[in-house]
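J.: The structure is given below, and queries will be raised subsequently.
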Amino acid sequence: MSETGIVRRMDELGRIVIPKEIRRTMRLEEGDEMEIFPDGERLVVRKHSRFSGFLRAAEKAVALAASATGCDVFLAAADSIAAAGGAHRRELVSRPLTERFAALARSRETGVLKSEGGFSPAEGVSVTGGCLVAVPVSAAGDVTGCLFCAGDDAEKHKEFMEFAAGVLGAVCGG
């Protein structure tokens, strides 16, 4: 079976332009880190997440944060949910972020949102609670992800979440 997508020529420096339509649908932006590796006869290009090498540690940290706060806590990286803890853990892990949450994850500022009906971080998944805290995770000066805490009293855990995000960033930044 032959799969033919958009065909591009490689230039003398080995560069290939990713078409605008693909960049838009995959939410790829200038400056995004990309991972490139061979897979048999294929060349795989995907958005890089610094958490991939530290996923087990990130999963444990998120589970501990969820246990300590009693809230849903999840870590977003590369526009998807890398780790989650709390009541909606199974529904959230590995799901792509909604556009609103992807924008929050790229932000460089801590944010607190309030909602009467909960939040939808991933398509088809709602987390309960009237408050959400979003804290950027930075490593080596770059925002590499975002730590979210959702629950009725999430705002009172803001400083704890900022501390947890700082620890995650330090671990990923080496």
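J.: Out of curiosity, is R27 open to solvent by 70 Å² or more (accessible area, probe 1.4 Å) and within 16 Å of T144 (Cβ to Cβ)?
T.: On the way: open to solvent by 70 Å² or more (accessible area, probe 1.4 Å): no; within 16 Å of T144 (Cβ to Cβ): yes.
Considered against the rule, which asks whether it is open to solvent by 70 Å² or more (accessible area, probe 1.4 Å) and within 16 Å of T144 (Cβ to Cβ), R27 comes out as no.
J.: Then there's this: Which of the residues that make up the range 59-81 are of a type in the set (S, T, N, Q) and open to solvent by 40 Å² or more (accessible area, probe 1.4 Å)?
T.: Of all residues in the range 59-81, those of a type in the set (S, T, N, Q) come to 67, 69, 80.
Passing the criteria: only S67.
J.: Which members of the range 85-109 meet the condition of being open to solvent by less than 20 Å² (accessible area, probe 1.4 Å) and under 20 Å from E30 (Cβ atoms)?
T.: Scanning the range 85-109 gives L97, A102, A105.
J.: Please determine, by comparing only the residues of the range 134-143 that are open to solvent by less than 20 Å² (accessible area, probe 1.4 Å) and out of contact with any Asp or Glu (no Cβ under 6 Å at 6 or more places or on another chain), which one is modelled with the highest pLDDT.
T.: A134
J.: Looking only at residues in the range 144-171 that are farther than 16 Å from A84 by Cβ and hydrophobic (A, V, I, L, M, F, W, C), which one is surrounded by the most Cβ atoms within 10 Å (Cβ to Cβ)?
T.: Among residues in the range 144-171 that are farther than 16 Å from A84 by Cβ and hydrophobic (A, V, I, L, M, F, W, C), the one surrounded by the most Cβ atoms within 10 Å (Cβ to Cβ) is V171.
J.: Please state which of the following conditions V17 fails to meet, knowing it meets all the rest: (1) more than 28 Å from A103 (Cα to Cα); (2) open to solvent by less than 100 Å² (accessible area, probe 1.4 Å).
T.: (1)
J.: Counting only residues that are open to solvent by less than 60 Å² (accessible area, probe 1.4 Å), under 17 Å from A77 (Cα atoms) and touching a Pro at 6+ places or on another chain (Cβ under 9 Å), how many does the range 112-132 have? Break it down into steps so the answer makes sense when it comes.
T.: So in the range 112-132, the residues open to solvent by less than 60 Å² (accessible area, probe 1.4 Å) come out as 112-113, 115, 118-122, 125, 127, 129-132.
Right, trim to under 17 Å from A77 (Cα atoms) and you get 120-122.
So of that shortlist, the ones also touching a Pro at 6+ places or on another chain (Cβ under 9 Å) come out as 122.
Counting residues in the range 112-132 that are open to solvent by less than 60 Å² (accessible area, probe 1.4 Å), under 17 Å from A77 (Cα atoms) and touching a Pro at 6+ places or on another chain (Cβ under 9 Å) gives 1.
J.: Continuing with this model, one more query. Any idea which of R9, R15, R27 is in contact (Cβ under 8 Å) with a residue 60 or more places away in the chain, more than 24 Å from H157 (Cα to Cα) and in a loop (DSSP other than H, G, I, E, B)?
T.: R27
The values are calculated or read from the model by the stated rules, or taken from the named source; none is laboratory data. What you are looking at is a predicted structure, and each value in this text was computed from that prediction instead of being measured. Glycine gets a Cβ as well: all are built from the backbone with ideal geometry, and neighbour counts include every protein chain shown. Each accessible area value is taken on the protein alone, full model and side chains, heavy atoms only, with ligands, DNA and RNA left out. Shrake-Rupley method; radii C 1.70, N 1.55, O 1.52, S 1.80 Å.
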